[in-house]
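Here the structure comes first, spelled out in structure tokens, and everything after it is commentary.
The values are calculated or read from the model by the stated rules, or taken from the named source; none is laboratory data. In this text the structure is predicted, and so the values were computed from the model without any measurement. Positions of Cβ are generated from backbone atoms using ideal geometry, with glycine treated the same way; all protein chains shown enter the neighbour counts.
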Amino acid sequence: MSSLSRRRFLKITGATFGATVAASSLSGVVKGAEKVDEKTGKSVKGIQKIPTFCDICFWKCGAIAYVKDGELWKIEGNPDDPLSNGRLCPRGTGGVGAHYDESRLKAPLMRKGPRGKEEFVEVTWDEAFDFIAKKMKKIKADYGPESMALFSHGIGGAFLKHLMKAYGTPNLTAPSFAQCRGPREVGFDLTYGDVIGSPERTDIENTKCLVLLGSHLGENMHNTQVQEFSHAIEKGATIITVDPRFSVAAGKAKHYLPIKPGTDMALLLAWMNVIVAEKLYNKNFIDKNAFGFEQFEYEIAQYTPEWAYIETTIDPEVIRETAREMARYAPATIIHPGRHTTWYGDDAQRSRAVALLNALMGNWGKKGGLYNPYNLSIPRYPYPKYPKSEKGSADNPNHKYPFAEGEKLSTGLREATITGKPYPIKGWFVYGTNLTQALPNTQETIDAIQKLDLMVVVDVVPSEIAGWADVVLPESVYVERYDELNTPLFKESFVALRQPVVEAPNDQKPNWWMAKKIGEKLGLQKYFPWKNVEEYLDTRLKSAGLSLSELQKKGVIKGPKESIYLGENEEPEFYTPSGKIEFYSHKLKEAGFDPIPKYSKPEEPPAGYFRLLFGRAPIHTFSKTQSNRYLYDLMDENEVWLNADVAKRIGVKNGEYVKLKNQDGVVSNKVKIKATERIRTDCVYMVHGFGQRSKMYRQTFNKGASDAQLITKYKTDPLMGGTGMNVNFVTIDWEA
Amino acid sequence: MARYGMVIDTKKCVGCQDCVIACQAENNVPQGFCRDWITTESKGKFPTIEMEIRTERCNHCTDAPCVSCCPTGASHYHDVGGVILVNHDECIGCKACIASCPYDARYVHPEGYVDKCTFCIHRVEKGEDPACVSVCPTYCMHFGDLDDPNSDVSQLLKSRKYHSLIPEAGTKPNIFYLT
């Protein structure tokens, strides 16, 4: 998004690294500090504490790994790290299990059977790289470099991104946009000219009223947010939770609104109706900063709480009461923008409604509202210029989705691969993302893969997507490798280092090494002038007045403090066409969309069917942690949540195994029923990431059911190409 | 003498099980076993539901039946803080303590002895919190001396409502849950 880069540029130039370095309590390596194992009397070599940052999810929490007698013992949070504050989430604490995971890929693999049959032979790295380089050269010669695409997730993909840019393709994508937070970023950008970003710019710690729409904090364990959520509860903040399921966050709420799925927009409009009708908004802020407020005021008048009651099943008085409560605490009120926002295909517009409700609170740049993040400037490595692509990217031909500007559409590249339009995509590099589970409609993903001349998967475990690869490259896990530096936009500025703590147990290699080796085979040496990653990192750090050796000891170095709130007389700036918060958007109007968000009714489930909803468990990340022994021990399969009365009526028991069938006749693996009072009668819910069908991924093969498999239908957001996935209906498959 | 105990805020706990994993890693608990666990209790009909999430473990009772029933003296009150420990070398694995514990807090270690929560006494004696307390991302757990009126745990019990688990068993548990 253009405005994002503008904002980033402004913030980055404002926050260059100064002389003040926060003192660190860590002293790097502590040897011989403790004695171990009295029982066996084995010689004690002592304990090393090595700082790094986590990779079990994508939050990148600072950690300290403990090595006892040369073996990884435990991983704790780094107290100096602003993301973890010395406390990791259960996945991070269980990160030890990633290193010891018996399912890990051990050597490079080449396919010998048909794609997807998981028949491979072990090869040397050199053989694997020769094969890849030969294919990539041929693709470039036959079709042009744009015909290679990279799907990656996580900071580990940084060096492969660099390789692909050097090769000459603009087709670099991640499911984190079109399958996750894309609608939110587009909705906020259209409204404020700025995005929410990750970590989210929500000052939850200081908020007095937090509104969660489907956000299941506590089950979604993005560490800093959960910590701040807990602080807000401690300080007595009002929590308003809107969810068809009585989530953990619902259990913390003063008001729980058991909304009918798919009707969130109606609730948002009704809340705004109350706040405008009762003049509860911050008039001074709106007068100064709102564009098109009169049209908005006129249009919002129709959406009364009584109107919304019919749609949402939420009592009109509860809608009024919660709207007043939000306004009472403004500007220290947050209507959380959510993270996984690809629900119903009108998600960017719903995110716009969330953005406007926040605007009525006047919380932009305010304590307890949406703060102004900043980061630390570490100059990029001085690479030669990347080749420029004449064709442009293939994900969004003719700007079919006019507001999908900033990031590429994963599903767009999949479609281009299938159709060959606007030009053929002939090679995929897949890093750290299990595309058969991450993208809706698995069959389309498989159809696309079958069109490829080259399919490479880089992963740590034999994920389902690895089974479809021509070449599988086993990566070392995060405690065994260096990665790119982390300098996120956040409440504090800092740089964090991921560094190896122990050696990889087999022939696994870090991605920076793979990228460099492949680059060299492709004749792209000039893009890999560094000898090794240490030299690369040290060059970057030295250009900011730091050094790798210093960061190796501390793990995290903080930059100078800046205020994340606007001063009393400081006016916010908005990078929209009007320079204000756009309650009415000409940009949307010109593109043929509603300039002010409108409600459309969701499709109803057929008789006997339930809407399929999915979410997260605190101890797993997507479908990539299921074989970690600590996490597997606590949850080795998912359950399908079904309302207890409904279960009784249709004759299924708690704990019973059933199969689910969706509206297109697709049948799931067997999955355990969780008959519970904690969900509405018109939907079912399951945790994402289970029911994988990779036979190589032994521990998790066929355990639980896969929501992804049942998501054969998706509704594409016409603004930005996000794939709304909560539009599938399932029933119990009695014949199974 | 100190009386070590825990005060746990159920308003903040999200049941993420970080405490379970931190304990397993810290204490090298064998795979398939745990010394602490999460209980989620919900009452009522949708959507009017009351839910309490708790992290549970050995209650380090003041009148501990596991100590009084142990035929070898392996289960004992540690001289620091009254923490209940099992001396592995003296334990014969008879499981009398397992039967006597109202909290089901003990298990037989694959090496034959009975094992359970130690309040991470090896950390506590160095001035650190137990692993479960120090890892918790919701800061819901507090460890300290219940006999010291100025300790965090005593202060919390003075200012908040709380309950213990199965008080009717009469074992005088030393873990309290804020509600």
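Here are the numbers:
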read-out	value
Elements of type helices (runs of 4 or more DSSP H) in segment A:228-310, at least 2 residues being in contact with a helix residue (DSSP H, G or I) (Cβ under 6 Å, 6 or more places away or on another chain) and at pLDDT 95 or above	A:264-277, A:293-300
Residues of segment B:1-48 classified as in a helix (DSSP H, G or I) and modelled with pLDDT under 95, total	0
Any hit, segment A:625-641, residues being within 14 Å of another protein chain (Cβ to nearest Cβ), part of a loop (DSSP other than H, G, I, E, B) and more than 23 Å from the chain's Cα centre (by Cα)	no
Residue list for segment A:205-223, filter: of a type outside the set (A, V, I, L, M) and closer than 28 Å to A:Y344 by Cα	A:C209, A:G214, A:S215, A:H216, A:G218, A:E219, A:N220, A:H222, A:N223
In segment A:63-102, the residues that are closer than 30 Å to A:M455 by Cβ and at pLDDT below 95	A:E102
Pairs with Cβ under 8 Å, 6+ apart, first in segment A:522-538 and at positive phi, second modelled with pLDDT of 95 or more and among the β-branched types (V, I, T)	none
Candidates A:L485, A:L541, A:L452 - the one that is without any contact (Cβ under 8 Å) to a residue 40 or more places away in the chain, buried (at least 21 other Cβ atoms within 10 Å of the Cβ) and more than 21 Å from A:Q626 (Cβ to Cβ)	A:L452
Given (1) more than 26 Å from A:K235 (Cβ to Cβ); (2) more than 14 Å from chain A (Cβ to nearest Cβ), number of the condition B:L146 does not satisfy	(1)
Answer residue from segment B:50-97, given it is among the β-branched types (V, I, T) and surrounded by fewer than 18 Cβ atoms within 10 Å (Cβ to Cβ) and is nearest to B:H109 (Cα to Cα) among those	B:I92
Counted residues, segment B:1-31 - those being more than 10 Å from chain A (Cβ to nearest Cβ) and under 17 Å from B:G144 (Cα atoms)	8
Cβ pairs under 7 Å, 6+ apart, first in segment B:17-43 and β-branched (V, I, T), second in a loop (DSSP other than H, G, I, E, B)	B:V20/B:C34; B:I21/A:G94; B:V29/B:R35; B:I38/B:G15; B:I38/B:Q17; B:T40/B:G15
Any hit, segment B:131-139, residues being touching a Ser or Thr at 6+ places or on another chain (Cβ under 9 Å), at pLDDT 95 or above and within 22 Å of B:D63 (Cα to Cα)	no
Candidate set: segment A:114-170, residues that are β-branched (V, I, T) and assigned to a helix (DSSP H, G or I); chosen: the one farthest from A:L435 (Cα to Cα)	A:I139
Search result, residues across segment A:157-168 that are in contact with a Ser or Thr (Cβ under 7 Å, 6 or more places away or on another chain) and under 16 Å from A:S393 (Cα atoms)	A:K161, A:G168
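Conditions (1) in contact with a strand residue (DSSP E or B) (Cβ under 7 Å, 6 or more places away or on another chain); (2) within 24 Å of A:Y381 (Cβ to Cβ), marked per residue:
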position: A:G144; (1), (2): no, no
position: A:S147; (1), (2): yes, no
position: A:G154; (1), (2): no, yes
position: A:F159; (1), (2): no, yes
position: A:H162; (1), (2): no, yes
position: A:Y167; (1), (2): yes, yes
position: A:N171; (1), (2): yes, yes
position: A:F177; (1), (2): no, no
position: A:R181; (1), (2): no, no
